Every structure is written in structure tokens, then in C-alpha cells.
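Q: The structure is given below, and queries will be raised subsequently.
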Amino acid sequence: MRVQPSAAVLVLAGIVAPAVTQSSDAGLLASLRREGASRFADFLESDPSTLDAFLRNARTVYAPSDESLARPRRRDDTTQRLQQANYQGCQAETNLAAGSMSLPGRSEQTMLVAPKLQPQPITDSVSQKLGNSSLQVIVADSRPDNTKRWLSRSLVQRRQSAQSWPKLCSGLGATTNIMRGGIKFDRGTIYLTDGYFTLPQSISRTVNAIGQTTFASLAAIGGLTQQLDDMHAVTIFLPSNTALASVQAGNMSGSAAAQLASSHIVPNFVGYLPRLRDGANMRSQTGQVLKVRVVGGKYYINDAAITQANIILDSGVAHVIDKSRSR
């Protein structure tokens, strides 16, 4: 039997281990514990049904490192635990190295079922065309400002990886970083991350959570809050508080507020940033044409710049923009 040299022997010999771990025949749980994600392995094992589903289906695993989980995860109920586990895995094996994808990145379907990503009403022909689009996604944002070379929190001086990785976008505007990737286990690939993904929430909860309260007020005045939360397959170009500062929403009539809010909503289209092509036209809920422009790597909707992209919703995606459409 051939004995592999240990990491310590390699370091003493002056050989630097590669940033991407080589293939392994070890099972998922053993690989997680070996690579410093024991707490995530314990999280999966805490419920037999969650573990069984994960082991059967996951080919790509996004595992929070032990270092990133300073405090134990709260005791979720079974449904929450299964949702979180499914959001940390993909049925397809992925390669997220920065050189493996074009700008601005790509969306990756996880194992988390998201019924509100299907347009309504749904017909057989639409269902066949969309395929498995009711699985929730994360977005790997590979734009230069969003790739990161990870530095350990406890050992800031020590570079953990020479590989640049995309930033991973999930719910409530949260982003997660890859600390180390390409770690092979017997059925796929592990990416070690600096935390859990955030489960996507409703439009109203998301807008308030990211601090865009003026749009939330606008929707409330227009009587749209529940309607927005009930929508399926939606893209929202969300004007920032600053962009809406001159609107004086408190003085608007309900119909005017509803008209203005709806002019920033594109129904029956989930426009993650990688799907927004330069020159493409979309139509808002109120019928206005919204044109995508890409200038110097920056994305614009008409003349409004996207300042925060890929905020994942339970029903689609939102992007914050720096200008509001006129009424």
C-alpha cells in the first residue's frame, strides 16, 4: 500500500499544498470532519430523515466551517432543519473556480423546493419549458469586485487559498464566501464556506430586512404588500431609500403609490443578474419597457444603476437600483 505524505511532512519539506484538495473516496460525513466542518456534519446527523435525504441527493455540498460557527446553531424544528440542509446542497456537481464561469457568474439550483418560483397560472406547456425551475437557487457572483481570496479569521497573516472564488448570494441580501473548494468526497464536491446560506423570505420581509423601508411604505400605501408576497416568479428592481427620497410617499394617493411601486416589478420572469443580457428588454407590471444596459461591467436598468444585485426571494429575485422610475 502506498502511504501518502502528511501535510506536516510537506510543509517541512518546503512543499506548499495546493489550494484545491485532491479527490477522495471517503464518505461525506468523514470528509466534512476531516476538512474542518464537523459541526455541519453534526447538524446533518441531528435528524435521520434530513441526513438520509442529503446523502441520497447531494452532489455539491456548501459546508460552513467550524471556524465560522463560533456558536452552535439553534435547535430548529424538523422542517426548518430539512430546508436549511437542502439549501446547502445541489443535486448537480459544480465547479465554481473563478476561471470556470463567465461574468457575471451563474445561478446554481439547490435541493430546496420553492413552489413560488413557478409562474402563475401554470400550464402544461409552460411547465415543460421551465423544467425543474421550482428549486431555489444561490447565485455565484463572479464579477471582480465580488471574488475573494479567503484569509482565516484567526490567522489573518496566513493565506488559506491562492484561488479566487465567487461570492455566493442567498436570502435577505446575505452573501457567503468560499474558504476552500474542490474538496472531493465519494459522490461529489464540497465547498467550505464562512457560514450558512440565508433562507429566502417573502418580498415584504426582505425589503424591510435590507433597510429599503421607503419602498415598503409605498407598497403599503398602495395596498400591495400582500399581493407582492403572493406573487410567483417575480423580479423587483427596488429603488433605494435615497432614490425615493423625493417621492414623498406619505402624501401620495393609494392608486399613485401602487402605480409607482408596480412600475418596478417584472412578473413571470426571475432575472438573476446572469440572466440580464445587455440590450434585453423586459416589461413591468404597468407596461413600461425596462432595458438592460451593461457598461464597463456595471448593470443598468434604463438609466438606473444596480447597486446591490441578486437578493434572493422565495418567489424570485430583487436588485436595488439608484433611481426611481417617474410616475
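The values are calculated or read from the model by the stated rules, or taken from the named source; none is laboratory data. Predicted, not measured: the structure shown is a model, and the values here were computed from it. Cβ sites come from the backbone with ideal geometry, for glycine too, and all protein chains shown count toward neighbours.
Q: Does Asp42 meet the test of being of a type in the set (Asp, Glu), out of contact with any strand residue (DSSP E or B) (no Cβ under 7 Å at 6 or more places or on another chain) and modelled with pLDDT under 85?
A: no
Q: A follow-up question, please. Any chance you could count how many residues in the range 59-88 are surrounded by 15 or more Cβ atoms within 10 Å (Cβ to Cβ), under 15 Å from Leu112 (Cβ atoms) and at pLDDT below 95?
A: 7
Q: Can you name every one of the strands (runs of 3 or more DSSP E) wholly within the range 238-327 that holds 1 or more residues which are surrounded by 15 or more Cβ atoms within 10 Å (Cβ to Cβ) and without any contact (Cβ under 8 Å) to a residue 12 or more places away in the chain?
A: 298-301
Q: Determine, yes or no, whether Ser202 is at pLDDT below 95, surrounded by fewer than 23 Cβ atoms within 10 Å (Cβ to Cβ) and not aromatic (Phe, Trp, Tyr).
A: Answer is no for this residue.
Q: Here is a list: Leu103, Leu117. Which entry is surrounded by fewer than 17 Cβ atoms within 10 Å (Cβ to Cβ), under 28 Å from Val292 (Cα atoms) and either hydrophobic (A, V, I, L, M, F, W, C) or at pLDDT below 85 (or both)?
A: Result: Leu103 is the single residue among Leu103, Leu117 that is surrounded by fewer than 17 Cβ atoms within 10 Å (Cβ to Cβ), under 28 Å from Val292 (Cα atoms) and either hydrophobic (A, V, I, L, M, F, W, C) or at pLDDT below 85 (or both).
Q: Go through the range 269-327 and give me each residue that's under 18 Å from the mean Cα position of the chain (by Cα) and charged (D, E, K, R).
A: The answer is Arg275, Asp314.
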